[in-house]
1. How many residues does segment 49-77 hold that are in contact with a helix residue (DSSP H, G or I) (Cβ under 8 Å, 6 or more places away or on another chain) and either of a type in the set (Asp, Glu) or modelled with pLDDT of 90 or more (or both)?
2. Condition first: more than 13 Å from Ala101 (Cα to Cα), out of contact with any Cys (no Cβ under 9 Å at 6 or more places or on another chain) and in contact (Cβ under 8 Å) with a residue 24 or more places away in the chain. Can you find one or more residues in segment 48-55 that meet it?
Amino acid sequence: MRRPVVLVLVWVLVGMLLVATGLGLALRSSIGNERTDQQRLWAIASLLHAPGDTTTQTVATSTVPAAWKMRAQIQELLSQGESNQTVLATIEAEYGPSSLADPSASGFGVFVWVLPVLFLAILALGLVVALVWLPRRRSARSERVAAEGGDGSVNVLPEDWRQYL
């Protein structure tokens, strides 16, 4: 009777992981070229970090001089008709990969995207083990104890120590 419940839980967790992954990919690629240049400027600026900014703010909200310079550079590139991906590539080439707010999906940056999913998968596996394996183990132990005719307690104290309990 427990097996269908566990299967439902596993499919719900898999579905949640797929939905979360889909939302992440949709949000990551949400800066389309159909927006106005001003909207595109702020969308691109929200994906970048300014060099020298020690906060976690993006270029869109940072007030350091480098952020002002990067916003002006993004505006110039957009006014020249460059695509969003070209602007991001230009900024990354000039300022380095640390200028990207989100880690890249290649190289070492893959770990940042994979580790949370891997953690959730391990957590789901632990939940399945706890729901399926542990009750079976307990019931097998109680059946074995009942077959042996005992109450399940083990007497490990020597006789002379029992007087102190």
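1. Number satisfying all stated conditions: 7.
2. Within segment 48-55, not a single residue is more than 13 Å from Ala101 (Cα to Cα), out of contact with any Cys (no Cβ under 9 Å at 6 or more places or on another chain) and in contact (Cβ under 8 Å) with a residue 24 or more places away in the chain.
The values are calculated or read from the model by the stated rules, or taken from the named source; none is laboratory data. Every value quoted in this text rests on a predicted model; they were computed, and no experiment measured them. Glycine gets a Cβ as well: all are built from the backbone with ideal geometry, and neighbour counts include every protein chain shown.
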